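Peer 1: Handing you a structure now.
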Amino acid sequence: MLEPVEDPRNEDLSTVEEGGSGGDVKATAEAAEEADSEPGPLSGLPIDRGIAEFASAAADHRNVVSPLSPTADADEEGGTGGGGGGQVAMLTSPDAVNRALRRKCYIIIALLLVVGTLLAVVVVLVVGRGGGSSSSGVTAGSEAIQGNAQSSAPSASAAAISSSPTEAPVIASPYPTKAPPNEAPPTKSTTKAPVIASSYPTEALPTESTVATATPTPPPTTQSSLRLQQTLDYLTKFDVSEPSTLEAGSSPPSPQYQAAVWIAQMDRRRIPIPITSDAYIFNQRYSLAVLYFSTGGPSWRFDMGWLSERHECQWMQNSFSMTQGLVWSGAHCDSDPGVQDGESEHDPWMKRLYVTVLDFPAKNELVGTLPPEIRHLRYLKSLSIKKNDGISGPLPDQFGELENLRDLTLQSKSLSGKIPRSFANLKKLELLILANNMFSGNSADGDLDFLGDMPALREIILDYNSEITGTLPDLSRLTKLKVLSVTNTGMNGALPRSLSMLKELAMLYLDGCAFEGSLYVLSSMSNLTHVYLEDNQFYDIIDHTFFADMKNLVHLDASNCSLQGTVPAHLFNSTQLEVLDMSMNNLDGELPAEAISNVQESSLQFLSLHTNKISGPIPPSIKELKSLVTLDLSMNQFSNEIPKEIGELTDLSILFLGRNAFNEAPVPEWIRNMTHLNELSLKSSSLTETIPSWFGELTNLAFLDLGENDLTSTIPQSLGNSSGLRVLILNSNRLHGELGLGQLAYLEVLLIDDNGITGNTDEMCVHELIHFVADCATGDDTIDVELNCTCCTLCCSTNTTCNDFEWLGNHKGIWETDYERYGWEFDKGTVFPWLNYNPGQSQP
């Protein structure tokens, strides 16, 4: 059986009868009931009879008792009723007529209320859209709505719209939505506040219930213009911005003027305009808006919610990094240290939250300059802008007012000018990274003296600023300094003695400069772990005392420093040393065989001594350096045989022994077991006989150089099994026969010139080689050649040496790539494999 369902429209009708207009309805119903007790002029009319008959017929049809039927009336009055008598009773009963009329009145009143409400909403929307014709492109719509609501005549709205003495400038809306700028904003933000993960202790951010509350209604147009004028007056009076930057009418408008218009007329928060100079909350929001417009905020790749109605502490977003995991970018905040919980009920955002971290995503397409208004973020602890190459110009002197700054990272390639001397005021700064820019300055003029006045500094990184010149400034007072890096700057001269007073210094990067003189200034710095001196002109003579007290060394790169002397024996006994690069110097003598043989535990992974004058045999004790991954002894004067003990270094990935004075011998058999080899160079090593077929078993090979030897016979086709080969150098031997090797699909460099190779190169030409040099025709029919090459990049005729370029590969290991190989440098250019090549990574 179906249960009777109550009409929801009648649920609250009882409240209509209590007070207000409901009382009038009740009185009217009572008067009608009294009138119905006596026959009146309307009683018995056909319309009443028709209603009663229709209700009765409908009730009979559905077998349901109608509230208007005689039976219902009779039941309510205690009677029986029925048939035609019931109808007569219904028509003549005053109580029944009174109930029917009262119910109809209630329903009509409720419907009128609903219709009235809908009409009011429609009027507001229509008038709001019509407000777009106002001269203000930002706030006119909502202002016209309020003007209508406050007006007592239709003309009042139009008067309110036209009464503005100053037109508000039209500025592109910074909000990410596509709604027209004159459309009324939503009454509540639907954006959820992100969970902030800051490296500094933070209070809980205001939630949506406390921050994203109902949006305040903008004032009328006259008030809006007045608010902008008051904002400009405040910013000028209290030197928040330079007055010249706040002038209207410039094209394009300045970032400061755009920010003023935004915070006065467009900001949905409508922060009160201050009347005193101590207005940090207003200044913070305004300064961030200036930073937004000054760096091309509307064109940022990720807007991070900047200039939204949210608190500026929520102008942030997260992203995922393969190396760092979840990373938050944007503004991070701490709460005001001077305001305790419960003391800020007057604050509409519940807590005073101060921006302490600004971290912009890399490659976020920031374009412009850093504004002086950043000084107002006086609680800022960290500012990081990396790989945003559009940031240019000098740094403002006002950076020196950020007295709470701890970390400053600005790497954008285009920042220029001198580093402000006001940085000396940053007494709390611990990390200063200004690498990869165009900063200038000469220490001889005092341009870098400020560095010595920043006692909290732990890291100074000025890499790749070629216009920073002069000697190192006096940094002796920086007792906490652990990292000093001036890689590839224009710094020069002798190392100052004050450098030796940095007892906590652990990492020293002086590479790629023009330093000269003695290195013994560094000898007493026993805490040094990483020392990079390469590509300077020290012209120093080293011996067994060189860096003897540096027991903690992990990396030592003194390559290409014009050093003379011998390789210090004690360096091989260090248990911490992982990288030793003394290549491209004038070192002579022999390797310290005894010291190497006494090695008990070695961490040495990278040993490069190439391009020196070291002579004698390679000591068999070299096998004690069991951790070696890279061994480069090429281009020296080593003699005798290549020791088979090298074959016991099973972790070797790179082995370069070429251009030495070894005895004539076949390719060493022990190489066959070195299955981890990625690169092997035995160029000009007096090799004889044939190329062993087992080279095809070294499937990890990417680089093989057997050029300039006395190898004979044919090229073994098993080499095609080393399918990862990128570079194959076989030139200047006595090889003959056909080339083949079509399986080497990834080959990029192939040298087979100055041999007797015949046939054609069709199998190889299906691949795209960068360098292919062979003995082939050059279009001169008078030259008799036996190799047809249609894709060679250089053809040399028989018995003619035209390939006089050096094809040594890149011997240079650098810290920037962690001493791993990503390409090979030749005289003809650099070859980068189509895959980044990483020693130890399996090749396809």
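Peer 1: Which pairs break 18 Å Cα to Cα here: 480/503; 418/503; 428/480; 381/428?
Peer 2: Too far apart for the 18 Å limit: 418/503.
Peer 1: Obtain the nm distance between the two label points defined at residue 244 and residue 428 by a simple spin-label model: each point lies 7 Å from its Cα along the Cα-to-C-beta direction.
Peer 2: About 3.3 nm separates the two model spin labels.
Peer 1: If you take the Cα Rg of the stretch 387-534 and divide it by 2.2 N^0.38 Å, with N the number of residues, what do you get?
Peer 2: 0.98
Peer 1: Taking a quarter of the surface of the convex hull around the Cα atoms of the stretch 398-468, what do you get in nm²?
Peer 2: Mean orientational projected area (the stretch 398-468, Cα hull): 4.2 nm².
Peer 1: Taking 0.36 nm per intervening residue step and subtracting the Cα-Cα distance, what contour gain separates residue 404 from residue 651 on full extension?
Peer 2: Difference between extended and current length: 84.0 nm.
Peer 1: If you project the alpha carbons of the stretch 571-704 onto the principal axes, what extent comes out on each, in Å, largest first?
Peer 2: 40, 26, 23
Peer 1: Largest first and to the nearest Å, give the Cα extent of the stretch 229-281 along each principal axis.
Peer 2: 30, 25, 16
Peer 1: Over the stretch 493-620, how many percent of alpha carbon pairs lie in each 10 Å bin up to the one with the longest distance?
Peer 2: 13, 47, 34, 7, 0
Peer 1: If I stretch the segment between residue 613 and residue 717 completely, what's the gain in nm (0.36 nm per residue apart, minus their alpha carbon distance), one decimal?
Peer 2: Result for the pair: 33.7 nm of gain on full extension.
Peer 1: For a label point 7 Å from the Cα of residue 594 along Cα→C-beta, name the residues of the stretch 524-555 whose backbone N is under 18 Å from it.
Peer 2: 543-546
Peer 1: Another question, if that's okay. For the stretch 582-670, what % of the accessible area comes from carbon and sulfur atoms, probe 1.4 Å?
Peer 2: Carbon and sulfur: 44 percent of the exposed surface of the stretch 582-670.
Peer 1: Separate question: With a probe of 1.4 Å, find how much accessible area the stretch 437-517 has per residue, and write the answer as a whole number in Å².
Peer 2: Computed with neighbouring chains in place, this is 37 Å² per residue.
Peer 1: If you don't mind, another one. Label-point separation (nm) for residue 576 and residue 734, each offset 7 Å from Cα along Cα-to-Cβ?
Peer 2: 5.4
Peer 1: Continuing with the same structure: Kindly rank 559-567, 642-650 from highest to lowest mean number of other beta carbons found within 10 Å of each residue.
Peer 2: Peptide ranking by packing, descending: 559-567, 642-650.
Peer 1: Sticking with this structure for a sec: Using the per-residue mean of other Cβ atoms lying within 10 Å as a proxy for protection, in what order, highest first, do the peptides 308-318, 519-529 fall?
Peer 2: Descending packing order for the listed peptides: 308-318, 519-529.
Peer 1: Compute the FRET efficiency between residue 548 and residue 299 as 1/(1 + (r/R0)^6), taking r as their Cβ-Cβ distance and R0 = 45 Å, and round to the nearest 0.05.
Peer 2: 0.20
Peer 1: Hey, what does the equivalent ellipsoid look like for the stretch 635-725, semi-axes from the Cα gyration tensor as sqrt of 5 times each eigenvalue, largest first, whole Å?
Peer 2: They are 20, 16, 11 Å, listed largest first.
Peer 1: Quote to one decimal, in nm, the extra length available between residue 788 and residue 516 on full extension: 0.36 nm per residue of separation minus the C-alpha distance between them.
Peer 2: Full-extension gain reported as 92.5 nm.
Peer 1: Let me ask you something else. Once the cut-off is 18 Å, how many percent of the Cα-Cα pairs in the stretch 564-611 end up in the long-distance tail?
Peer 2: Value for the stretch 564-611: 25 percent of Cα pairs lie more than 18 Å apart.
Peer 1: Not counting ligands, DNA or RNA, and with a 1.4 Å probe, what is residue 618's accessible surface area in Å² rounded to the nearest 10?
Peer 2: About 10 Å², ignoring ligands and nucleic acids.
Peer 1: Tell me, what is the FRET efficiency for residue 237 and residue 603 to the nearest 0.05, using R0 = 45 angstrom and their Cβ-Cβ distance as r?
Peer 2: Once the sixth-power term is evaluated, E becomes 0.10.
Peer 1: Can you give me the accessible area per residue for the stretch 351-419, using a 1.4 Å probe, in Å²?
Peer 2: Accessible surface, normalised per residue, equals 36 Å².
Peer 1: Let me ask you something else. Take residue 639, project a point 7 Å from its Cα along the Cβ direction, then tell me which residues of the stretch 563-599 have their backbone nitrogen under 17 Å from it.
Peer 2: The answer is 588-593.
Peer 1: So how do 430-442, 696-708 stack up, highest first, on mean other-Cβ count within 10 Å?
Peer 2: Per-residue Cβ counts within 10 Å, averaged per peptide and sorted highest first, yield 696-708, 430-442.
The values are calculated or read from the model by the stated rules, or taken from the named source; none is laboratory data. The structure displayed is predicted, hence computed values, not measured ones. As a convention, Cβ positions derive from the backbone with ideal geometry for all residues, glycine included, and neighbour counts pool all protein chains shown. Heavy atoms of the whole protein, side chains included, go into the accessibility calculation; ligands, DNA and RNA do not. Shrake-Rupley method; radii C 1.70, N 1.55, O 1.52, S 1.80 Å.
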